[in-house]
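Q: I'd like to ask you about the structure that follows.
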Amino acid sequence: MGNCCGPVLTLSRVKTVSNQILAKYDKDGSGALHKTEVTAALKEVLGGLGGWVPTGMALKQYDEDGSGDLDKKEFTKLVLNVMKKGGVNVEAMIEELDAEG
Ligand SMILES: [Ca+2]
């Protein structure tokens, strides 16, 4: 095994992963995930947790600027909240993300 997954979970680590997932599912290269793209991405994010989030609800909840899609920051917040449901303490990281503006 390599050194990919160290013990310290930081916001930048989460952002790296969420940006990778976003880029993978951003089929039209817009830099944000539309509803159908969010559906596919969420399946990957939630795969390990065996959970399911209705995509329409997730979009509504995390689309903070009402653009109809999730940009990097919005998607990162979604990922953080998925982790939170999985039992990870993400409060500090969410505050850090919000502070970035
Ligand atoms: Ca948006």
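Q: Taking the chain as a Gaussian network, Cα atoms linked when under 10 Å apart, which of VAL38, VAL79, VAL88 shows the biggest mean-square fluctuation?
A: Answer for the Gaussian network model of the chain: VAL88.
Q: Continuing with this model, one more query. Between ASP65 and GLU100, with labels modelled 7 Å along Cα→Cβ, what's the label distance in nm to one decimal, could you check?
A: If labels sit at ASP65 and GLU100, their model points lie 1.4 nm apart.
Q: Return the tail of the calculated pair distribution for the chain, meaning the percent of Cα-Cα pairs more than 18 Å apart.
A: For the chain, the share of Cα pairs beyond 18 Å comes to 45 percent.
Q: At a Cα cut-off below 27 Å, give the lysines reachable from LYS85, other chains included and same-chain residues fewer than 8 away excluded.
A: Within the straight-line cut-off, LYS85 pairs with LYS15, LYS24, LYS35, LYS43, LYS60, LYS72, LYS73, LYS77.
Q: Just subtract the alpha-carbon distance of ARG13 and LYS35 from 0.36 nm times their residue separation and send over the number in nm, one decimal.
A: Difference between extended and current length: 5.5 nm.
All of the numbers you see were taken from the coordinates with simple rules; none came from a lab. Everything quoted here is computed from the prediction, not taken from an experiment. Cβ atoms come from the backbone with ideal geometry, glycine included; neighbour counts cover every protein chain shown.
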